[in-house]
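Asks: My questions all concern the structure below.
The values are calculated or read from the model by the stated rules, or taken from the named source; none is laboratory data. Quantities reported herein were computed from a predicted structural model and do not represent experimental measurements. Here the Cβ positions follow ideal geometry from the backbone for every residue, glycine too, while neighbour counts run over all protein chains shown.
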């Protein structure tokens, strides 16, 4: 199967799995099928309050990101290094549901605030750049802004559905 199709199917499976799980937990869910840039679903609690939800699915060992979604990064072409200047302001309070999909098991879910995801990306990326042979110079493609998060980095957020269902802090 072409990788583009496989990626789209993973996204679609993930969005529908999150919507179904939220409905199972008593929330009304409106999916947007990729038509809204910053979130995938709006969940409505019994009291009428709403939650913006971004789903992020993976089928292997990590979720893939572009750091530009979370960080202010400068590419210094003269020195061929990257400099992280800090965090981008977040537009809204969005809850992320990160899920791992497998062919033969139920999905696994990690639920966290967007700010928590941003913090994990920031800490991991700054640490990675510092450990490069030349700090800030990525070894293969120095201008790449790719990063990944692994489930172990979200361990404290495993099945933390209360962020959505109760809105608890």
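Asks: Does residue 167 meet the test of being touching a helix residue (DSSP H, G or I) at 6+ places or on another chain (Cβ under 9 Å), in contact (Cβ under 8 Å) with a residue 12 or more places away in the chain, on the phi > 0 side of the Ramachandran plot and surrounded by fewer than 17 Cβ atoms within 10 Å (Cβ to Cβ)?
Replies: No; evaluated as a whole, the condition is false for this residue.
Asks: Within the range 1-31, track down each residue that is more than 17 Å from residue 98 (Cβ to Cβ), assigned to a helix (DSSP H, G or I) and either touching a helix residue (DSSP H, G or I) at 6+ places or on another chain (Cβ under 8 Å) or at pLDDT 90 or above (or both).
Replies: If the condition is that a residue be more than 17 Å from residue 98 (Cβ to Cβ), assigned to a helix (DSSP H, G or I) and either touching a helix residue (DSSP H, G or I) at 6+ places or on another chain (Cβ under 8 Å) or at pLDDT 90 or above (or both), then 23, 24 are the ones that fit.
Asks: Can I ask one more? Within the set of pairs 6+ apart or on separate chains, which have a first residue in the range 77-104 that is on the phi > 0 side of the Ramachandran plot, a second that is part of a loop (DSSP other than H, G, I, E, B) and crowded, with 17+ Cβ neighbours inside 10 Å, and C-beta atoms under 6 Å apart?
Replies: 80/142
Asks: If you don't mind, another one. Return the total of residues in the range 40-67 being surrounded by 12 or more Cβ atoms within 10 Å (Cβ to Cβ), within 22 Å of the chain's Cα centre (by Cα) and touching a residue at least 60 places away in the same chain (Cβ under 8 Å).
Replies: Within the range 40-67, the subset surrounded by 12 or more Cβ atoms within 10 Å (Cβ to Cβ) is 40-45, 50-59, 62-67.
From what's left, within 22 Å of the chain's Cα centre (by Cα): 40-44, 50-59, 62-67.
Filter once more, so that each one left must be touching a residue at least 60 places away in the same chain (Cβ under 8 Å): 43, 51, 53-54, 62-67.
Counting residues in the range 40-67 that are surrounded by 12 or more Cβ atoms within 10 Å (Cβ to Cβ), within 22 Å of the chain's Cα centre (by Cα) and touching a residue at least 60 places away in the same chain (Cβ under 8 Å) gives 10.
Asks: Same structure, new question: In this structure, does residue 116 turn out to be in contact (Cβ under 8 Å) with a residue 40 or more places away in the chain, more than 11 Å from the chain's Cα centre (by Cα) and over 30 Å from residue 77 (Cβ atoms)?
Replies: Details: in contact (Cβ under 8 Å) with a residue 40 or more places away in the chain: yes; more than 11 Å from the chain's Cα centre (by Cα): no; over 30 Å from residue 77 (Cβ atoms): yes.
The answer is no for residue 116.
Asks: Would you mind finding the one in 81, 94 that is surrounded by fewer than 19 Cβ atoms within 10 Å (Cβ to Cβ) and closer than 14 Å to residue 125 by Cβ? So that I can check it myself, show each step before the final result.
Replies: Values: 94 fails: closer than 14 Å to residue 125 by Cβ.
Of 81, 94, the one residue that is surrounded by fewer than 19 Cβ atoms within 10 Å (Cβ to Cβ) and closer than 14 Å to residue 125 by Cβ is 81.
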